[in-house]
Structure formats: C-alpha cells, structure tokens
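K.L.:
If you scroll down you'll find the structure; I have some questions about it.
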Amino acid sequence: MTLYFAVPNLQETCGSSRIPSGPPAHFFYEMTRTKRSPDRTRAGAPGAPATDAELQQQIESRVAAAEPDVEVLAVERAGSRRSPKLRVFLDRPGGVDLELCTRVTRHLGDLLADYAVEVSSPGPERPLTKLDHYRRHLGRRVRVRTHEAIDGRNDFKGELVGADAEGVSLAADWGMVRIPHERIRRSNLISPPAGGSRRPS
C-alpha cells in the first residue's frame, strides 16, 4: 500500500502498520532535497563535500540525541551527482514503523539539506557496517563486496564464522576467506532461500 500526503516535497510509502527488525518488507520515507544555499556544500558545514564516514557520524549523532533507542545501521549514497540521495537504515528494539521514519527524516532535514533522503528499516538483507553487527549475526549467511579483489574475487557469499577488530571470516562453498575491514565496500545478510536449501556461493 502506498500513501501520499498533501505536503510539498514529501512522500511516504509503507507495507503495513508496524514491522519487527529484519522483515520481508520495510518502511520507506523520502524527503526531496531542498534548494542548495550558495555557501553550503556539505552536511552540516561549509567546505568540501562530507566523506562517507563524516556523514555517518553526523547522522548517528543527530539521531542519538533525538531518538536514543534508535540505531543507525548504515548510510548509503545513491542517486547522481546532480541529484544526490542518501539512504539511512534504522533499527530499534520492537521494530521500526512509519512514524519513526518520518520523525528521523525531519530530525535530519537541516543537516542533509543538499540531499534527497530515504529513511527505512533494513529489511531482510540488513546491512552490516560495524564489528558488533558481524558478531551479532555469526552463523548467518552474508554477502561481502570488497574495494579490491581478494584471490581474484571481490564479491563473496558464505557463512559468517568469525569477526574481530581486524576483519571477518567467511566459510564459502569453495573454501575459507578472511576479509580485512578496510577492504570491505559493502556487506549484508542474505535472506534464507525458500525451503531452506543452500545456494552455492
């Protein structure tokens, strides 16, 4: 079901009234970016564009101050250079609902005035961006993509069997692989296939 509200530049989309963490569907709230002011070229401060790490830190700080029980799982850049977009994935005990996505989007409105912003729950293939995320999901199947190839690959799927301060370890069908954190570009859980059968990596 899609709901459209008569508010300029805002669109809300939802699948149900409330969802737990890691559901098949997820809430989505989008705020279209506002007109860029001449002296503002980064989130929260003038100057060069913010790095991914700076954006994540700024967003985490803002959300923690306004919604202490909410965790920012990941912040991803999307869109084009002319129409930049940020996707912000949230989690909290008891689940993420549309009202929370709406509030967080508004909390971030002035901080991210140069971007269109999507705020949502993580869905079943939740992103993994921190050591605690990996440790929390040991034993699950994950997908990890790297900046540079490791043993001729830069896309890995397998069971997450280890995670420490240096990197993560995956057991794939073709063998074990160790991936340092600094080489990880993106990682996420893999949804269990229908019937519980194991897909080859």
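Laboratory data are not the source of any read-out in this text; all were calculated from the coordinates shown. Note that this is a predicted model, so its numbers are computed, not measured. Neighbour counts run over all protein chains shown; Cβ positions are idealised from the backbone, glycine included.
K.L.:
Rg to Rh ratio, segment 49-201, alpha-carbon atoms and Kirkwood radius?
P.N.:
Computed over Cα atoms, the ratio is 0.99.
K.L.:
Quick one: if you stick a label point 7 Å off each Cα along the C-beta vector at D110 and R145, how many nm between them?
P.N.:
The modelled label-to-label distance comes out at 3.5 nm.
K.L.:
What's the extension gain from E182 to L131 if we count 0.36 nm per residue and subtract their Cα-Cα distance?
P.N.:
Roughly 17.2 nm would be gained on extension.
K.L.:
Whole percent per 10 Å bin, from 0 to the bin with the longest distance: what is P(r) over all C-alpha pairs of segment 87-134?
P.N.:
Percent of Cα pairs in each bin: 24, 48, 28, 1.
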